[in-house]
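Student: Can you read through this structure? Questions will come right after.
Each reported figure results from applying straightforward, stated rules to the coordinates on display, with no laboratory input. No experiment lies behind these values; they were computed from the predicted model shown. Positions of Cβ are backbone-derived with ideal geometry, glycine not excepted, and every protein chain shown enters the neighbour counts.
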Amino acid sequence: MANIFPEWSNTVPRKVIVALIVLIILVSSGIAYYFTPEYTRVGYAPDQPVPFDHHLHVEQVGMDCRYCHTNVEISGRAGVPAASTCMNCHDTIKSDSPLLAPIRESYESGEPVEWVRIHQAPEHVYFNHAAHVNRGVSCVECHGEVNRMEVVRHEKSLSMAFCLECHNEPERYVRPLDKVYDLDWEAVSPTAQVEMGRKLVEEWSVNPPLNCSGCHR
Amino acid sequence: MRYFYAILLFLVVAVLAIAGFRGQLSKKPPVLLFGDMHEQPKFRAQDSSSLFPDRRADRPAVPGTVPFVNAKQETYPFLAPRDRFREDRYLTTGEIGDGSVGETDFGAGFPIRITHELMLQGERRYEIHCAVCHGRTGNGEGITRQYGMIATPSFHDTRLREMSDGEIYSVIVHGRGTMGEYGSKLTVEERWAVTAYVRALQLAGHASPEDVPEALREGMGL
């Protein structure tokens, strides 16, 4: 009796299984790599109505974050400043720069400057700036080195895993209160950070919520 | 089989070429992969809204609105408006008299108790909001002078040393000349704290080694 299946069919099951495994590995690593804020959000750097340069204002001029983001210590929102805040200086300095025209128009007319939001927690997340900066979490932990950015970009993923890293081990991130707005500050070594962090966490009774309702409502 | 792997390789290269890598700069808004509840039909602070002609979701206070504190906010002060209405005219404006005369009349003295904490608070606020122009010592040589802000006076001039506390307070609230208003950035207490700190700077600008308490002199090399 002749063979029903030709000889090459002997290797087909093996080949199909290997091909399926390769396909599954590729697809799932693709999803793991792309379907996360690490890919979708990080690097977002839109054009703004005025190309505000944080590096110039913070490093060269030496302004404090709170000059413009005044509410950060007392409110859930750090706040984007009103045009009048810009005009405190730009009424005199570079007062005819074409780049600042939207600010002058807004100051005259009262119409808002339509800044493009870059960092945005999902709306089912209730993040409070004041609660964090008043307990030694620096701007740099979530926003990256904004003080060195000429164009602001989304630097950290701000995914839930990102939040939980610090909520699990706050001692690795908290710093003395007078260093919160000093974005370049770093503990001398990781061990010194953890040692100091433990003390601060105990002193302030820091107990970051790990239950769902801590952040989701 | 070979074709299958060739197509697979081509697909991988194609995905990498189109989607790129993590962290690449992009001007396009982030893609929402699972949008459920991510964007909700509600407004958050400083959102835009198509409901109102000025496209602001935040509604400006109606002229004449007076912030008040209700019973719940008395119990939980963090719920209260940052700066509530208070009857005391000098405390909130730095002015005295009934305000009927054309000339504004500024009072002297501090309507709140000056403590070490208040001075430290004044120092912090001064360094954030004032030092950029007035300089950390109040000599008017802040960084903005190098960029063309030439009109900033020194606190150590006779005119400013003789200025009343109420007037300094009022200038902080409303601004004067090229100086903008800082009333929107500072609470009543913070404004008086800054006023007190300005007074301390003026004192320090005209002090002699004898004014430093004996115990502190050594640490300052006096």
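Student: Among B:16-22, B:26-32, how do they line up by average Cβ neighbours within 10 Å per residue, starting with the highest?
Tutor: Peptide ranking by packing, descending: B:26-32, B:16-22.
Student: Give the lysines reachable from A:Lys179 as a straight Cα distance under 28 Å; neighbours fewer than 8 places away on the same chain don't count.
Tutor: Here the lysines satisfying the reach criterion relative to A:Lys179 are A:Lys156, A:Lys199, B:Lys185.
Student: Right, here's the next one. Sticking with the crude label model, points 7 Å out along Cα→Cβ, report the distance from B:Phe52 to B:Ala108 in nm, one decimal please.
Tutor: Using points 7 Å along Cα→Cβ, the separation is 4.5 nm.
Student: Using 14 Å as the cut-off for backbone N distance, which residues of region B:50-70 belong to the label zone defined by a point 7 Å from the Cα of B:Phe43 along Cα→Cβ?
Tutor: B:50-62, by backbone N distance to the label point.
Student: Using Cβ contacts closer than 10 Å as the measure, can you line up B:Val62, B:Val212 from fewest to most? Intermediate results must be reported in sequence, preceding the final value.
Tutor: Values: B:Val62 6, B:Val212 15.
Final ranking by Cβ density, sparse to dense: B:Val62, B:Val212.
Student: On to the next question. Averaged across A:38-47, how many Cβ atoms of other chains sit within 10 Å of each residue's Cβ atom?
Tutor: Partner-chain Cβ atoms within 10 Å, mean over residues of A:38-47: 6.
Student: Let's test the formula: R0 of 30 Å, r as the Cβ-Cβ distance of A:Asp91 and A:Asp47. What FRET efficiency results, to the nearest 0.05?
Tutor: Taking R0 as 30 Å, the efficiency between A:Asp91 and A:Asp47 is 0.75.
Student: Now a separate question. Among B:Thr178, B:Thr92, B:Thr152, whose mean-square fluctuation peaks in a Gaussian network model of chain B (Cα, cutoff 10 Å)?
Tutor: The residue that fluctuates most here is B:Thr178.
Student: Rank these for me by crowding, B:Tyr76, A:Tyr126, going from fewest to most other beta carbons within 10 Å.
Tutor: Neighbour counts put them in this order, fewest first: B:Tyr76, A:Tyr126.
Student: Which of rounded, prolate or oblate describes region A:113-217 when judged by the alpha-carbon gyration tensor and an a/c cut-off of 1.5?
Tutor: Numbers: a/c = 2.03, a/b = 1.20, b/c = 1.69.
The shape class here is oblate.
Student: Based only on other Cβ atoms within 10 Å, what is the fewest-to-most ordering of B:Met220, A:Met149?
Tutor: B:Met220, A:Met149
Student: Another question, if that's okay. A:Val116 to A:Asn134: extension gain in nm, 0.36 nm per residue of separation minus the Cα-Cα distance?
Tutor: Residue separation times 0.36 nm, minus the Cα-Cα distance, leaves 3.8 nm.
Student: Can you give the FRET efficiency for B:Asp36 and A:Asp64, using 1/(1 + (r/R0)^6), R0 = 51 Å, r = Cβ-Cβ distance, to the nearest 0.05?
Tutor: Efficiency, rounded to the nearest 0.05: 0.85.
Student: Here's another thing I want to ask about it. How big is the Rg/Rh ratio for the protein assembly as shown, C-alpha atoms only, Rh by Kirkwood, two decimals?
Tutor: Rg/Rh for the protein assembly as shown comes to 1.10.
Student: May I pose another question? Hey, rough spin-label estimate for A:Ala32 and B:Glu74, points 7 angstrom out along Cα→Cβ, what's it come to in nanometres?
Tutor: Those two pseudo-labels are separated by 6.0 nm.
Student: So how far apart, in nm, are the two label points at A:Ile17 and B:Glu162 if each is 7 Å from Cα heading toward Cβ?
Tutor: Taking the two extended label points, one gets 10.0 nm.
Student: For peptide A:86-99, compute the average count of partner chain beta-carbon atoms within 10 Å of each residue's beta-carbon.
Tutor: Across the residues of A:86-99, the mean count of other-chain Cβ atoms within 10 Å is 3.
Student: Once you average over the residues of B:51-60, how many Cβ atoms of partner chains fall within 10 Å of each Cβ? If you can, show how the numbers build up before the last one.
Tutor: Working: counts 0, 0, 1, 4, 3, 3, 0, 1, 0, 1.
Across B:51-60, the average partner-chain Cβ count within 10 Å equals 1.
Student: How would you classify region B:71-208 from its alpha-carbon gyration tensor, with a ≥ b ≥ c the square roots of the eigenvalues: rounded for a/c under 1.5, else prolate if a/b is greater than b/c, otherwise oblate?
Tutor: The shape class here is prolate.
Student: Does region B:115-178 come out rounded, prolate or oblate by the C-alpha gyration tensor, with a ≥ b ≥ c the root eigenvalues, rounded set by a/c under 1.5 and, if not, prolate when a/b is larger than b/c and oblate if not? Can you show the working numbers first?
Tutor: Values: a/c = 1.73, a/b = 1.24, b/c = 1.39.
Note, shape of region B:115-178 comes out oblate.
Student: Using only C-alpha positions, report the orientation-averaged shadow area of the convex hull of chain A, nm², one decimal.
Tutor: 20.9 nm²
Student: Could you order the peptides A:35-42, B:39-46, B:163-170 from most to least packed, using the average number of other C-beta atoms within 10 Å per residue?
Tutor: The densest-packed peptide leads the list: B:163-170, A:35-42, B:39-46.
Student: Let me ask another. Which of the aspartates and glutamates could a cross-linker span from B:Lys27 if the Cα-Cα distance has to be under 13 Å and same-chain partners fewer than 8 positions apart are dropped?
Tutor: A:Asp47
Student: Given an 8 Å cut-off on Cα distances and at least 6 residues of separation, report the relative contact order of chain A as a percent.
Tutor: After rounding, I find 23 percent.
Student: Let's test the formula: R0 of 41 Å, r as the Cβ-Cβ distance of A:His55 and B:Glu214. What FRET efficiency results, to the nearest 0.05?
Tutor: The computed FRET efficiency comes out at 0.30.
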